[in-house]
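Trainee: Below is one structure. I have some questions about it.
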Amino acid sequence: QKEVEQDPGPLSVPEGAIVSLNCTYSNSAFQYFMWYRQYSRKGPELLMYTYSSGNKEDGRFTAQVDKSSKYISLFIRDSQPSDSATYLCAMSGVLTGGGNKLTFGTGTQLKVEL
Amino acid sequence: EAGVTQFPSHSVIEKGQTVTLRCDPISGHDNLYWYRRVMGKEIKFLLHFVKESKQDESGMPNNRFLAERTGGTYSTLKVQPAELEDSGVYFCASSQDWGSDTQYFGPGTRLTVL
């Protein structure tokens, strides 16, 4: 069983829709939760970073973490065609030496249609 | 500020040959990570440097892979001899050392072993 499960999609939505992306995980040691966006042939770009449970909002993006359910979500409001990309969830455990390895989901491919 | 850079962007080699990938982290970032994504799978951790020291190399698949970070600046990842299953995209990431787990990724090197 993978440590992090993420539906690969593809997910297609109309412009302006609210998008919900999710990951579940099995390792209770994870404390840091991230969402990365990756455009084709590019590297992952950090979108949201959350420590422990709770919500975090940044513009059109909201990240939610529910550690009791081992479930994290990313919501995109008023989706735009430029949001079309692969969205990767990533997480890590206790920081050591100033950093720690990330465990990724497989990524969800999102397409926002005009 | 320049981001993480990787060279080459794409490498095609034959089985049994040697390839060296290079990563230049963001200036001042002591933490440097290598990750790999093989076709259809999630991005997986390979190893983590703090300055020139290997902090965690638990993700290195076997002894055909050798990573170095002489002087604590750029890093190289050598694969010798390359096998078909080494094909994939190799990402480098860097982060600062004050306990932040915000990792910034390079564009990746796409390695194809024929």
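Just so it is clear, none of the values below were taken in a lab; they were calculated from the coordinates. All values reported here derive from a predicted model rather than from experimental measurement. Here Cβ is always computed from backbone atoms with ideal geometry, including for glycine, and neighbour counts include all displayed protein chains.
Trainee: Taking 0.36 nm per residue of sequence separation and subtracting the Cα-Cα distance, how much length would be gained by fully extending the chain between A:LEU11 and A:SER52, in nm to one decimal? Mind showing how you got there, number by number?
Mentor: On the way: separation 41, 0.36 × 41 = 14.76 nm, distance 2.73 nm.
Here the answer is 12.0 nm.
Trainee: Quick one: compute the contact order of segment A:1-102, relative version, from alpha carbon pairs under 8 angstrom and 6+ residues apart, as a percent. Please report the intermediate quantities before stating the final value.
Mentor: Numbers: 191 pairs, mean separation 33.1, N = 102.
Relative contact order here is 32 percent.
Trainee: Okay, moving on. I'd like the GluC sites (Glu not before Pro) in segment B:59-109 restricted to DSSP loop residues with at most 12 other Cβ atoms within 10 Å, sorted by number.
Mentor: Filter output for segment B:59-109: empty list.
Trainee: Taking 25 Å as the cut-off for C-alpha to C-alpha distance, list the pairs among A:LYS70/B:LYS54; A:LYS70/A:LYS101; A:LYS56/B:LYS41; A:LYS2/B:LYS51; A:LYS42/A:LYS101 that go past it.
Mentor: A:LYS70/B:LYS54; A:LYS56/B:LYS41; A:LYS2/B:LYS51
Trainee: So between B:ARG64 and B:LEU84, what do we pick up on full extension, going 0.36 nm a residue minus the alpha carbon distance?
Mentor: Separation in residues times 0.36 nm, less the Cα-Cα distance, equals 5.9 nm.
Trainee: Moving on to the next point. Can you tell me the order of B:27-33, A:75-81 when each peptide is scored by its average per-residue count of other Cβ atoms within 10 angstrom, highest first?
Mentor: Those peptides, ordered most packed to least, come out B:27-33, A:75-81.
Trainee: Listing A:ILE18, B:ILE26, A:ILE72, B:ILE43 from the residue with the fewest other Cβ atoms within 10 Å to the one with the most, what is the order? Before the final figure, lay out the partial values.
Mentor: Working: A:ILE18 12, B:ILE26 17, A:ILE72 28, B:ILE43 25.
Neighbour counts put them in this order, fewest first: A:ILE18, B:ILE26, B:ILE43, A:ILE72.
Trainee: Putting +1 on Lys and Arg Cβ atoms and -1 on Asp and Glu Cβ atoms, find which of B:LEU21, B:SER11, B:SER58 reaches farthest to the positive end of the dipole of chain B.
Mentor: Toward the positive end, the furthest listed residue is B:SER11.
Trainee: Continuing with this model, one more query. Viscosity 1.567 mPa s, temperature 4 °C: Stokes-Einstein D of segment B:1-97 from its Kirkwood Cα radius, in µm² per second?
Mentor: 95 µm²/s
Trainee: On to the next question. Scan segment B:1-52 for GluC sites (Glu not before Pro) in coil per DSSP, keeping those whose Cβ has at most 15 other Cβ atoms within 10 Å, and list them by number.
Mentor: Hits after loop and neighbour filter: B:GLU1, B:GLU14, B:GLU52.
Trainee: Oh, and also: Taking 25 Å as R0, compute the FRET efficiency from the Cβ-Cβ separation of B:VAL38 and A:GLU45 and round it to 0.05.
Mentor: Here the calculated transfer efficiency is 0.75.
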